[in-house]
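**Q** This is the structure, below, for whatever I ask next.
The values are calculated or read from the model by the stated rules, or taken from the named source; none is laboratory data. In this text, all values refer to a predicted model and were calculated from it rather than measured experimentally. Cβ: placed from backbone, ideal geometry, glycine included. Neighbour counts: every protein chain shown. These area figures cover heavy atoms from the full protein model, side chains too; ligands, DNA and RNA do not enter into them. Shrake-Rupley method; radii C 1.70, N 1.55, O 1.52, S 1.80 Å.
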Amino acid sequence: MSPPLADIATYLFTAIGLLFFLAGTVGLLRFPDTVSRLHALTKADNLGLGFLAVGLAFQVEHWSDLLRLGLIWALALLAAGTAAQLVARAALTEAGRRRREGR
Amino acid sequence: MTAPAIDIVLCATVLAVALAAVSGFGVFRAVVFFIVYGVLISMAWLRLDAVDVALAEAAIGAGLTGVLLLSAVARVTRLTGSGSYRPRVNALPAAIAAAGVTVALGWAFLGLPVPRGLTEDVARNLDRSGLENPVNAVLLNFRAWDTLLESVVLLAALIGVWALAPDSGWGGRAGVPQHARRGGVLESFGRTLPPLGLMIGVYVVWAGATAPGGAFQGGTVLAAVLLLVAMAGLLPAPRIAAAGLRLALVAGPAVFLAVGMAGLGWGGFLVLPPAIAKPLILGIEAALTLSIAVTLALLVLGRPEPSTEGGG
């Protein structure tokens, strides 16, 4: 007996999501500078978590859980985007300060 | 008896992160590892079905304490010019002492008889508590003493922080001035999140009567909203001498004490008559939430700094 279609969809989408997390982690560890590392990190947060949420959406018992999953993803998107901007700006300011000080 | 793989991985990660936090990679990294440790411990509580504890650990243990420690690191960096502060004491005796305490605690814990616990007593009396969530029934009714004293401890901690204020800063705005860029991302984040944060914070408090949640967890969410608004530069931090602020700070402990004193008429301090226990507890929780939110936010903002502005 084959597993229900919803379970297959969950396996598929969460697997894709985990792949993004893996790639994001590798990028975070391997990329040379702050901005590229932020790029890798936010990809994991945005797409990885998004695919996880889509995968889990096939398992909900009540439609209101879909709203909760969507809210969690939206909030994580908002927070990750904002944090990435702030870190990038801090890195820029820091780089500028070092250039001025001739280091 | 075999534990599921996820629990083994979780335990191993908790231990590894805890070790990384105390291994002396510098203060900033230690704090970051401490925050990760809090998140993992919160997941461990979830695995144990202790959702109330998980919520409190995530909100207060990882979130709020993490922010407090981060601002302490920033302050140390500002004062000393570097964040690479290292304690001068030898780490080895401390490590041996800590390991000894851990082993002794573990030995004592395993030596104890399996406790019967109070679960049955609480379950039997739950309908007299006014609440359906047994955890909050204990916190706000059966053992209200502890919660009352906790709320007073929070207030005392804030008074301690304020006591460090220089004379010229007394009565001024809490903390250092925030430098958020006008029209920047932090400002728009600070405008977007508060409505959602307020809703979630109030919901967590309200849900505490029947489901995991409560004044401390919800209050922490509200404190985060207040902090975000202050850090985004949308509202100035409050002046610590403002009457409204002082009122918000003491409202929780004061209402709690007043209800407790009224209980003397029904048979003892903090005795809640079952018929009106729920409205009384809701009243206490509402006041407590306000006080907890404001106190926690002000703890993070810190003491007022020496005044450079002229009165206005």
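**Q** When only C-alpha pairs under 8 Å and at least 6 residues apart count, what is the relative contact order of chain A, in percent?
**A** Details: 90 pairs, mean separation 30.2, N = 103.
The value is 29 percent.
**Q** Give me the number: length gained by fully extending B:Asp167 to B:Asn90, i.e. 0.36 nm times residue separation minus the C-alpha to C-alpha distance, one decimal in nm.
**A** 24.0 nm
**Q** In whole angstrom, how far apart do the alpha carbon centroids of segment B:218-275 and segment B:93-121 sit?
**A** Here the answer is 35 Å between Cα centres.
**Q** Can I ask one more? With +1 assigned to the C-beta of every Lys and Arg and -1 to the C-beta of every Asp and Glu, and no other charges, what is the dipole magnitude of the protein assembly as shown about the Cα centre in debye, to the nearest 20?
**A** 1680 debye
**Q** Rank B:Ile35, B:Ile96, B:Ile284 by mean-square fluctuation in a GNM of chain B with C-alpha springs under 10 angstrom and give only the top-ranked residue.
**A** With Cα springs under 10 Å in chain B, the top fluctuation among B:Ile35, B:Ile96, B:Ile284 is at B:Ile96.
**Q** Helix-only mean residue ellipticity at 222 nm, the protein assembly as shown, DSSP H runs n ≥ 4 weighted -39,500 (n - 2.57), per residue, nearest 500. What is it?
**A** Per the formula, -23000 deg cm²/dmol.
**Q** Just want the answer: with Cβ charges of +1 for Lys and Arg and -1 for Asp and Glu, which residue in B:Gly63, B:Gly233, B:Pro195 is farthest toward the dipole's positive end in the protein assembly as shown?
**A** Farthest along the dipole direction, towards plus: B:Gly233.
**Q** Helix hunt in chain A: which complete DSSP H runs extend at least 18 Å axially by C-alpha with mean Kyte-Doolittle at least -0.5?
**A** Taking the DSSP H segments of chain A (at least 18 Å long, mean hydropathy at least -0.5), we get A:5-30, A:63-100.
**Q** Of B:Val53, B:Ala95, B:Leu40, which is farthest on the positive side of the dipole of segment B:39-124, counting Cα position, with +1 on Lys and Arg Cβ, -1 on Asp and Glu Cβ, and the Cα centre as origin?
**A** Ranked along the dipole, the leading option is B:Ala95.
**Q** May I pose another question? Given charges of +1 on the Cβ of Lys and Arg and -1 on the Cβ of Asp and Glu, with all other atoms neutral, how large is the dipole of chain B about its Cα centre, in debye to the nearest 20?
**A** Dipole magnitude for chain B comes out near 820 debye.
**Q** So which chymotrypsin sites (Phe, Trp or Tyr not before Pro) in segment B:61-160 are both in a DSSP loop and have at most 14 other Cβ atoms within 10 Å of their Cβ?
**A** Qualifying residues, ordered by number: B:Tyr85.
**Q** What size of dipole, in debye to the nearest 20, comes out for segment A:5-100 about its Cα centre when the only charges are +1 on Lys and Arg C-beta atoms and -1 on Asp and Glu C-beta atoms?
**A** 840 debye
**Q** Hey, rough spin-label estimate for B:Ile159 and B:Ile276, points 7 angstrom out along Cα→Cβ, what's it come to in nanometres?
**A** 3.0 nm
**Q** Then there's this: Tell me the per residue accessible area of chain B using a 1.4 Å probe; a whole number in Å² is fine.
**A** 58 Å²
**Q** May I ask you to derive the relative contact order of segment B:196-312, considering only C-alpha pairs under 8 Å and at least 6 residues apart, and to give it as an integer percent?
**A** 30 percent
**Q** Assuming a viscosity of 0.890 mPa s and a temperature of 25 °C, what translational diffusion coefficient in µm² per second does Stokes-Einstein assign to segment B:1-115, Rh being the Kirkwood radius over Cα pairs?
**A** Answer from the Stokes-Einstein relation: 151 µm²/s.
**Q** Run the numbers on chain B and let me know its relative contact order in percent, using alpha-carbon pairs under 8 Å that are six or more apart.
**A** On the way: 384 pairs, mean separation 65.2, N = 312.
Over chain B, the number comes to 21 percent.
**Q** Any idea what log10 I(q)/I(0) is at q = 0.15, 0.20 Å⁻¹ for segment A:5-100, Debye with uniform C-alpha scatterers and no solvent?
**A** Those come out to -0.66, -0.94, one per q.
**Q** Tell me which of B:Leu148, B:Ala104, B:Pro177 sits at the most positive position along the dipole axis of segment B:90-188, charges placed on C-beta atoms (Lys, Arg +1; Asp, Glu -1).
**A** Working it through, the farthest residue towards the positive pole turns out to be B:Pro177.
**Q** Please list the three semi-axes, largest first and in whole Å, of the ellipsoid equivalent to the protein assembly as shown, using sqrt of 5 times the eigenvalues of its alpha carbon gyration tensor.
**A** 35, 32, 25
**Q** How many Å³ per residue does the convex hull of the Cα positions in segment B:119-312 occupy?
**A** About 118 Å³ per residue, rounded to a whole number.
**Q** Taking trypsin sites (Lys or Arg not before Pro) that fall in a DSSP loop and have at most 12 other Cβ atoms within 10 Å as cut points, what is the longest piece of chain B between them?
**A** For trypsin sites (Lys or Arg not before Pro) (loop position, at most 12 other Cβ atoms within 10 Å), the longest site-free span of chain B is B:183-312.
**Q** Under 15 Å from the Cβ of B:Ala50, count the other residues' Cβ atoms, weight Lys and Arg +1, Asp and Glu -1, and hand me the total. Write out the running numbers ahead of the final one.
**A** On the way: positive: B:Arg47; negative: B:Asp7, B:Asp49, B:Asp52, B:Glu57.
So the environment of B:Ala50 carries a net charge of -3.
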